[in-house]
1. With a 1.4 Å probe and every protein chain kept in, tell me what percent of the accessible surface of the chain is carbon plus sulfur.
2. How much accessible area does Tyr12 have with a 1.4 Å probe, in Å² rounded to the nearest 10?
3. Going toward the positive end of the dipole of the chain, with +1 on Lys and Arg Cβ and -1 on Asp and Glu Cβ, which of Ser59, Ser175, Gln298 do you reach last?
4. Beyond 17 Å, what share of the Cα-Cα pairs of segment 1-69 is found? Please give it as a whole percent.
5. Taking every DSSP beta bridge that has both residues in segment 8-243, what percent is antiparallel when rounded to the nearest 5?
6. Projected onto the charge dipole of the chain (+1 at Lys/Arg Cβ, -1 at Asp/Glu Cβ, origin at the Cα centre), which of Gln235, Thr217, Ala88 gives the Cα projection farthest towards the positive end?
7. Which of the lysines could be linked to Lys207 by a straight reach, that is with a Cα gap under 21 Å, when you skip same-chain ones fewer than 8 residues away?
8. If N is the number of residues in segment 225-267, what value comes out of its Cα radius of gyration divided by 2.2 N^0.38 Å?
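The values are calculated or read from the model by the stated rules, or taken from the named source; none is laboratory data. Worth saying up front: this structure is predicted, and the values here are computed from it rather than measured. Here the Cβ positions follow ideal geometry from the backbone for every residue, glycine too, while neighbour counts run over all protein chains shown. Please note that ligands, DNA and RNA were not included when accessible areas were found on the heavy atoms of the full protein model with its side chains. Shrake-Rupley method; radii C 1.70, N 1.55, O 1.52, S 1.80 Å.
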Amino acid sequence: MKIEFVNLSRQYQAYHQYIDLQIQKTLTQSSFIMGEQVKALEKELQVYTKSPYVVACSSGTDALLLSLMTLGVQKGDEVITTPFSFFASSEVIAFLGARPVFVDIDEKTYNIDPLLIEEKITPRTKAILPVSLFGQVCDMDEINALALSYGLSVIEDASQSFGALYKQRKSCSLSELATTSFFPSKPLGCYGDGGAVFCQKEEHAQKISSLIKHGQTKRYEHRYIGLNARLDTIQAGVLLAKLPFLDDELKRRQEIAQYYSQNLKNCVVPMVSQDRESVFAQYSIRVQNRDQLISKLQELGIPTAVHYPIPLHLQEAFSYLGYRLGDFPVSERVSKEILSLPMSAFLLQEEQEYIIDHFNFLNS
Ligand SMILES: *Cc1c(COP(=O)(O)O)cnc(C)c1O
């Protein structure tokens with residue numbers, strides 16, 4: 001058997017008539033930049049998440065950058081975030097000349113530990129940027145309360161948690177700003193790069209709408225130094241075609257995750273808090289003999305991935321921040337043991353059985 005880590009071709013086969021129709025519409029109208037599907041998508045995302053304002057943009061990374069830019073984050077500022085994430089969530093802070101200030105994670109959820117945040121707040125702190133990792137929303141109430149009492153902004157990096165629930169509310173609607181990514185393998189993916197920013201305040205949405213087109217307010221009138229960070233019309237069309245199927249896909253992902261967790265042996269399976277529903281952007285377990293398992297599973301046609309092997313404070317690009325091995329022990333331990341298994345709504349039952357049987361045999 002040869003299993004795909006994320007099976008995007010089966011998904012395309014299932015919805016191809018809707019996707020092809022949307023793409024064809026853009027080709028026929030030749031409205032490649034800021035065509036009508038972009039506005040239509042923003043409206044659908046707004047309805048889906050119940051976030052007051054949504055601006056579609058060019059990627060999850062740019063969505064984060066735009067959020068920090070609209071808050072005016074700059075050189076000398078600090079932003080509190082997690083060291084256990086994809087590089088982009090801290091990269092954007094550093095890109096603007098600000099300092100990522102790391103706080104270790106909760107060993108059960110792998111999200112930033114809210115109890116450790118307060119001691120890292122200084123007069124230079126501008127925002128808290130938690131990441132809802134692997135599809136589970138972080139402790140937003142605790143983080144928002146802390147931010148409110150210190151007058152800080154909160155940006156939820158919901159690149160992996162679009163569609164996830166937190167106390168019956170949707171990820172992306174829970175804080176002053178939130179961002180997501182439509183990278184093809186994310187829970188809601190397009191066919192290239194794409195992203196969105198979710199705002200509670202109209203002024204933020206207006207500024208971001210302008211920042212994505214070189215800070216223009218009107219054609220050739222530039223209020224800000226901005227970016228070229230628009231979402232392509234074709235990508236908006238792909239997302240409009242896929243969005244109606246998302247909830248069914250998320251249900252299926254949750255069933256697959258539950259079946260893994262009930263049957264996998266000798267490993268730490270994901271823990272989802274009672275008051276939330278994960279979308280399982282990754283199904284990640286923890287094992288002791290990771291390297292050996294990875295190569296044996298690979299030989300059997302079972303791909304795996306490590307999210308993430310090096311915590312951000314130990315990345316070469318961040319060496320100037322002065323962090324050292326041992327600074328964030330939970331992130332460091334988890335990064336040595338974490339292992340993601342194939343996950344997509346189109347993973348077949350027989351494929352999952354094959355993965356579980358071979359994993360348990362190799363890991364016994
Ligand atoms: C994927 C991802 C991003 C970046 O999104 P892109 O669309 O690839 O730029 C940022 N943060 C997290 C946590 C991600 O998983």
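1. Here it works out to 52 percent.
2. Accessible area of Tyr12: about 70 Å².
3. Sorting the options by dipole projection puts first Ser59.
4. So the portion of pairs separated by more than 17 Å is 64 percent.
5. Here the antiparallel bridges make up roughly 55 percent for segment 8-243.
6. Thr217
7. Straight-line reach from Lys207, under 21 Å: Lys39, Lys43, Lys50, Lys75, Lys126, Lys218.
8. After normalising by residue count via 2.2 N^0.38 Å, the value is 1.95.
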